[in-house]
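Read the structure below first, then the notes.
The values are calculated or read from the model by the stated rules, or taken from the named source; none is laboratory data. Values in this document were obtained by computation on a predicted structure and should not be read as measured data. Note that each Cβ is placed from the backbone with ideal geometry, even for glycine, and that neighbours are counted across all protein chains shown. What goes into the accessible areas is simple: the full protein's heavy atoms, side chains included, and nothing from ligands, DNA or RNA. Shrake-Rupley method; radii C 1.70, N 1.55, O 1.52, S 1.80 Å.
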Amino acid sequence: MLTIPPKVTSRAFERLAEIGASAQGKALRVAVEGGGCSGFQYEIDLDEPKDDDLVLSEQGETVVIDSVSLPFLADAVIDFSEELIGARFVINNPNATSSCGCGTSFSM
């Protein structure tokens, strides 16, 4: 079964450069875990790449996704958003059938 990898926007890579992720030897890790108010939740953190990660790189910055989370993020878009309520990395996931108001929890 072919899994279409997620896409990362240039805005997300630019934000990683602004915070100096690669200079710290870190990548943006996007993972899916069980939990949250809708069944699954996103975990977004700066972390070191691991051997089984999918690595997406651009502009000298890196986003990594572990092999377990990858099917849940097929064809998703990882972006960075700045709004009046705050700035954060966001995931537009076409596989999610619903999500909660916080934007970090979803169901499939």
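Taking a Cβ cut-off of under 11 Å around Asp53, the surrounding Lys, Arg, Asp and Glu residues balance to a net charge of -3, with basic ones at +1 and acidic ones at -1.
Every helix of 4 or more DSSP H residues in the chain counts as -39500 (n - 2.57), and over all residues that averages to -2500 deg cm²/dmol at 222 nm. Between amide H atoms placed 1.01 Å from N, distances below 5 Å from Arg29 occur with Asp45, Leu46, Asp47, Val64, all of them 5 or more places distant or on a separate chain.
The accessible surface of the chain, taken with every protein chain in place and a 1.4 Å probe, is 52 percent carbon and sulfur. Give me the percent relative contact order of the chain, please, defined on Cα pairs under 8 angstrom at least 6 residues apart. Relative contact order here is 31 percent.
Heavy atoms of the protein chains alone define the surface here; on that basis the chain has 57 Å² accessible area per residue at 1.4 Å probe size. The computed volume of the Cα convex hull per residue in Å³ for the structure shown corresponds, within (i) 121; (ii) 153; (iii) 102, to (iii). Phe80 sits among other residues whose Cβ lies under 12 Å from its own Cβ, and their net charge, with Lys and Arg +1 and Asp and Glu -1, is -3.
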